[in-house]
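Every number here is computed from the coordinates shown, using simple stated rules; none is lab data. All of these numbers come straight from a predicted model, not from anything done at the bench. Because the Cβ atoms are built from the backbone with ideal geometry, glycine has one as well, and the counts that use them run over all protein chains shown.
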Amino acid sequence: MTRFGNDETDIRLVRPDDRDYLAFVARIREQYPSRGGPRQAGEFIGGLVEQAVVSLLGDHVTLQEERILTWEQRLRNGRNGRLYRELDGVWKIDHESLCIFEVKFTLPDLIARGNGIKQLNIAQRLLLSSGSLQYVLKRLVYVTSEPIPVLNDPEGDYPQGLPSLEIGDAFEELGVIWLTPEAVSQRAEQLGLSLPESWTDEETRSGEIYDPEREEWRQYSDAADIKPEEQESPLARALRMAQEKK
């Protein structure tokens, strides 16, 4: 897992079609060709759900195209490398404020534990470290029939759990947006996305699906969590290993 210290520089947001980002993804694809093979059905369905959810968010706020978080960081080999982390949605409230969204289609016990909060915290810290922003609001977006308490801790910061918010709320630093499966299904149909029958059932999301277009769903495999030394080219890795044996 990528470890974050205080040495990140040139922190900014870029578009998914950024040339350097596409080159980074291409290197990852070469190093991990198995990512084009079978994968969990839940991961595939989650990709479809996320597309529908992001479209619903866009009905209420203007999501900017620049949603790939990138920064320079010193790697374990001593060199500086550029890393990337994809955000599900970024809403520019004003010149000094952003709101970032993390979409999760997951199980109730994971929702209760605030699944996705870690990704939001990392992105918030990096964005604030850029020096160009004063406020970065965080939104967990969950798809479920009924809201449940999230991070409910009587002795913690949120004794009643995280607050439930409207999509366009521009004041609370952290909260949860709830979307129903019915709303997601309707939007998926409007977008021409084919969700499996009973897609909300856990059984439907079990097993594997062979997807030759898996790379198009790369945002659901966080490339930034790959170990820094694994981002080296094969030649650079061979040279480093040879030096370590001396």
Modelled label reach - GLU66, point 7 Å along Cα→Cβ, region 88-132 residues with backbone N closer than 11 Å: 92, 132
Length gained when the stretch LEU191-ASP59 is fully extended (0.36 nm per residue, less Cα-Cα span): 46.2 nm
Counting other beta carbons within 10 Å of each residue's own, what order do ARG79, ARG27, ARG205 fall into, fewest first? ARG79, ARG27, ARG205
Sum up the charges of everything whose Cβ sits under 14 Å from the Cβ of PHE171, counting Lys and Arg as +1 and Asp and Glu as -1, but leave PHE171 out. -3
Take the Cβ-Cβ distance between ASN77 and SER145 as r, set R0 to 41 Å, and report the resulting FRET efficiency rounded to the nearest 0.05. 0.25
Placing each pseudo-label 7 Å from Cα in the direction of the beta carbon, PHE171 and SER97 end up separated by a distance in nanometres of 1.0 nm
Calc'd 3J(HN,Hα), region 122-135, phi into Karplus 6.51 cos²θ - 1.76 cosθ + 1.60 (θ = phi - 60°), Hz, glycine/Pro = x, comes to 5, 5, 4, 4, 5, 5, 5, 5, 5, x, 9, 10, 9, 9
